[in-house]
């Protein structure tokens, strides 16, 4: 593969104390925590909303938050969790595990979480490259957006991309896939349904229960299961 050297300089945006790349749950809480401590914080997000898989990915529910007796998490995670429950009147107030997610409400909660302490969010911005010095220390991030290419600098860079893009492109060692086969976890395909008979859903047999009369067993035998 050949190479190409640009003949133009990349404009440098204002420097920051902290730059967080990736606006999923980890990135949102990292940015909020940094801003709460008084750091001038920028959160860079590739899509048009915060929340990652819980919003853009339509993941339908929170994984368990408890040890079956009490919530075992603390801090901002609980703040987000309880804030969403408070906006969903059909969810029991004492629910701790497998609580459903409303993606549109969750987007707003993450927006408020990040912006209330003063962090700045830059949406629709892709990480394109990571620049380092001779010692491997990150010196700048190169991003691409409707503003074109921009360089961003900070005292601290936090990688919340989900794929360790900042760390990998900076030269950090990493593992990918199963250590024996290299296989990756298959993508989870989530979706929403409308016009659902809620009574039948709540009172009928659960497809994936341990009930041997569940329709899922006939579906599996038919060979029509996707």
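The values are calculated or read from the model by the stated rules, or taken from the named source; none is laboratory data. Nothing here was measured: the structure is a model prediction, and the numbers come from that model. For neighbour counting, all protein chains shown are included, and Cβ atoms are generated from backbone atoms with ideal geometry for every residue, glycine included.
Things worth noting here:
- Segment 41-76: number of residues that are in contact with a strand residue (DSSP E or B) (Cβ under 9 Å, 6 or more places away or on another chain) and at pLDDT 95 or above: 7
- Scan segment 65-76 for residues that are exposed (fewer than 15 other Cβ atoms within 10 Å of the Cβ) and either within 17 Å of the chain's Cα centre (by Cα) or not in a loop (DSSP other than H, G, I, E, B) (or both) and the total you get is 1.
- Test: residue in segment 82-102 that is closer than 16 Å to residue 20 by Cα, in contact (Cβ under 8 Å) with a residue 12 or more places away in the chain and surrounded by 17 or more Cβ atoms within 10 Å (Cβ to Cβ): no
- Looking only at segment 121-137, and only at residues there that are more than 23 Å from the chain's Cα centre (by Cα) and either in contact (Cβ under 8 Å) with a residue 12 or more places away in the chain or over 19 Å from residue 9 (Cβ atoms) (or both), the one that is surrounded by the most Cβ atoms within 10 Å (Cβ to Cβ): 131
- A count restricted to segment 165-178 and to residues that are in a helix (DSSP H, G or I) and either within 15 Å of the chain's Cα centre (by Cα) or without any contact (Cβ under 8 Å) to a residue 12 or more places away in the chain (or both) stands at 3.
- Residues that are touching a helix residue (DSSP H, G or I) at 6+ places or on another chain (Cβ under 8 Å), closer than 16 Å to residue 141 by Cβ and not in a loop (DSSP other than H, G, I, E, B), drawn from segment 1-41: 17, 18, 20, 21, 27, 31, 41
For (1) at pLDDT 95 or above; (2) part of a loop (DSSP other than H, G, I, E, B); (3) under 17 Å from the mean Cα position of the chain (by Cα); (4) buried (at least 17 other Cβ atoms within 10 Å of the Cβ), each residue gets a yes or a no:
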residue: 110; (1), (2), (3), (4): yes, no, yes, yes
residue: 140; (1), (2), (3), (4): yes, no, no, yes
residue: 158; (1), (2), (3), (4): yes, no, yes, yes
residue: 163; (1), (2), (3), (4): no, yes, yes, no
residue: 180; (1), (2), (3), (4): no, yes, no, no
residue: 187; (1), (2), (3), (4): no, yes, yes, no
residue: 195; (1), (2), (3), (4): no, yes, no, no
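- Enumeration of residues in segment 142-156 that are closer than 21 Å to residue 28 by Cα and in a loop (DSSP other than H, G, I, E, B): 153
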